[in-house]
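Below is one structure, written out as structure tokens, with a few remarks after it.
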Amino acid sequence: MEKLCGFVAPSGEKAYFFTGDRYIRYDVEKDGIDDGYPLSIAAQWPGLFESDIDAAMPWSDGSVFFFKAGQCLSYDIENNAVLDGPRSIAERWPGLFESGIDAAVLWGSGNAYFFRGELYQRFDAETGAIDPEARSIAEDWPGAFTSGIETALWWPSGNPYFFSGDQYARHDPDSGAVVEGYPRSISDWKGLPIGPLAAPGPAGSSLSVREFFPRFSEPFEARLSFLYQDIKGLVTTGIGNLVDSPEEAAALPFVHKDTREPATREEIVAEWHLIKDTPGLAHAGAGAAKRIHTLELPESAIDELVHQRFDLNETRLAAFFPGWADWPADARLGAHSIAWAGAFFPTRWPDFTAAANSGDWLKAADQSHLSEDGNLGVAPRNKANRTLFQNAAAVAARGLDPALIYYPAVL
């Protein structure tokens with residue numbers, strides 16, 4: 001997963017998260033991503049680093065500092081313009097890690113903290129200077145991601161949050177430790193991990209539904225290389241791929257996470273039972289399994305696993321729906337999304353089937369809802385599915401190219 005960085009705007013109403021060359025705007029009160037995102041950094045933030053931003057931190061004067069490698073700049077988000085820079089970190093923040101930082105946060109006390117690898121430095125608000133000595137994260141921030149913090153936020157509620165990889169943790173500023181029950185999967189934050197750029201206007205992607213599907217699915221399932229329990233207690237890996245038995249697990253090319261050497265069948269079976277039989281994993285989030293796992297799937301194996309299941313679903317859907325090949329690409333993507341989440345689709349979905357077979361995509365949108373009982377994490381997928389079928393209706397009504405994928409744009 002690409003590096004994440006983010007900050008809360010000085011107003012406290014919005015937060016912004018950046019990954020690669022794109023970003024999302026997050027509504028603090030609604031607790032979710034605003035419509036129409038992700039967008040391009042270069043297109044929306046004139047003068048800002050166009051990609052791979054390392055860290056962002058709001059400052060007491062209402063500006064925001066951005067860091068990339070050994071440079072930084074200050075930005076006026078109210079007027080969407082650079083205030084100062086880019087210039088070297090050594091010039092703007094004498095005494096700070098000169099070659100770059102991983103994360104930064106302005107604490108409620110007015111002090112600022114800068115993280116790099118296993119170390120951090122403090123900006124002392126009283127002296128107006130960086131403490132000369134870098135200190136250990138492990139020693140001073142109990143329970144934080146001691147091997148590296150990717151982004152840190154001071155949330156308007158007064159809760160600091162740390163992010164690393166596909167996990168996040170909430171910090172208690174009073175106790176100085178991470179709150180019990182963390183870390184958790186960043187999929188708790190609607191819109192994270194950040195997906196592909198929203199298509200501008202009616203222009204769509206020429207990728208096939210098969211090629212696009214892993215990118216579509218990651219925000220809803222995350223992309224995890226190890227075995228974990230989903231919310232129902234089922235052993236899962238990859239992008240929401242169920243591994244129902246130790247035999248299924250043994251058929252996958254797991255490797256040891258430390259040596260990258262192939263695991264034996266016996267080791268894989270033992271790992272499956274470790275994850276399946278450890279109590280409490282289903283409700284502790286994937287991070288709990290991450291702390292005890294020893295085996296991982298290579299990235300290429302995750303993609304292959306996703307495409308294998310996609311191909312099985314494609315065969316089944318094409319056989320079930322007579323006009324499947326002529327459906328708009330967004331509608332086929334929506335059907336694959338429902339099939340991926342299970343729910344006996346499409347055989348026990350008569351109302352959806354009737355709507356789809358008649359080309360009534362608006363009615364199909366109304367009938368695309370997966371049950372959220374006991375699994376509120378399905379809600380973002382339901383929202384995406386509804387958009388997909390509504391897009392299909394717009395494609396048919398406006399005569400747009402049905403072979404293109406318009407999602408995540410809303411037509």
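What follows draws every value from the coordinates through simple rules; no lab data is involved. None of these values were measured; they are calculated from a predicted model. Glycine gets a Cβ as well: all are built from the backbone with ideal geometry, and neighbour counts include every protein chain shown.
Among residues other than residue 148 with Cβ under 9 Å from its Cβ, the summed charge is -2 (Lys and Arg +1, Asp and Glu -1).
Panel values: the stretch 135-183, Kirkwood radius from alpha carbon pairs, Stokes-Einstein at 25 °C and 0.890 mPa s, translational diffusion coefficient 227 µm²/s. Mean residue ellipticity at 222 nm from the helices of the chain, using -39,500 (n - 2.57) per DSSP H segment of n ≥ 4 over the full residue count, to the nearest 500 deg cm²/dmol? When only DSSP H runs of four or more count, the value is -8500 deg cm²/dmol.
Kirkwood-type hydrodynamic radius, the stretch 185-266: 15.0 Å, calculated from all non-identical alpha-carbon pairs.
Each residue of the stretch 60-75 was assigned a 3J(HN,Hα) from its phi angle through the Karplus expression (A = 6.51, B = -1.76, C = 1.60, θ = phi - 60°), giving 5, 8, x, 8, 10, 8, 10, 10, 8, 6, x, 10, 8, 8, 10, 10 Hz with x at Gly and Pro.
Take each peptide in 388-397, 38-47, count the other Cβ atoms within 10 Å of every residue, and average; sorted highest first, the result is 388-397, 38-47. For the chain, averaging the sequence separation of C-alpha pairs within contact (under 8 Å, six or more residues apart) and dividing by the residue count gives a relative contact order of 11 percent.
The mean of 1/r over all pairs of different alpha-carbon atoms in the chain, once inverted, gives a Kirkwood hydrodynamic radius of 23.0 Å.
Name the residue from 369, 283, 137 whose Cα lies farthest towards the positive end of the charge dipole of the chain, charges +1 on Cβ of Lys and Arg and -1 on Cβ of Asp and Glu. Highest projection toward the positive end goes to 369.
Sequence gap at least 6, Cα distance under 8 Å: using those rules, report the relative contact order of the stretch 325-411 to the nearest whole percent. Could the numbers behind the result be given before it?
Details: 96 pairs, mean separation 33.8, N = 87.
Normalised by residue count, the contact order of the stretch 325-411 is 39 percent.
Net charge around residue 179, counting only other residues with Cβ within less than 14 Å of its Cβ (Lys, Arg = +1; Asp, Glu = -1)? That works out to -2. Backbone phi angles across the stretch 159-167, fed through the Karplus curve with coefficients 6.51, -1.76 and 1.60 (θ = phi - 60°), yield HN-Hα couplings of 9, x, 10, 10, 10, 8, x, 9, 10 Hz in residue order; Gly and Pro are listed as x.
Measuring spread by the Cα atoms of the stretch 129-285 yields a radius of gyration and Dmax of 19.2, 59 Å.
For residue 367, neighbours were defined as the other residues whose beta-carbon sits under 11 Å from its Cβ, and their charges (Lys and Arg +1, Asp and Glu -1) total -1.
Relative contact order of the stretch 1-64: what whole-number percent is it, with Cα pairs under 8 angstrom and at least 6 residues apart? Relative CO of the stretch 1-64 lands at 31 percent.
Over all pairs of different C-alpha atoms, the stretch 74-159 has a mean inverse distance whose reciprocal, the Kirkwood radius, equals 14.1 Å.
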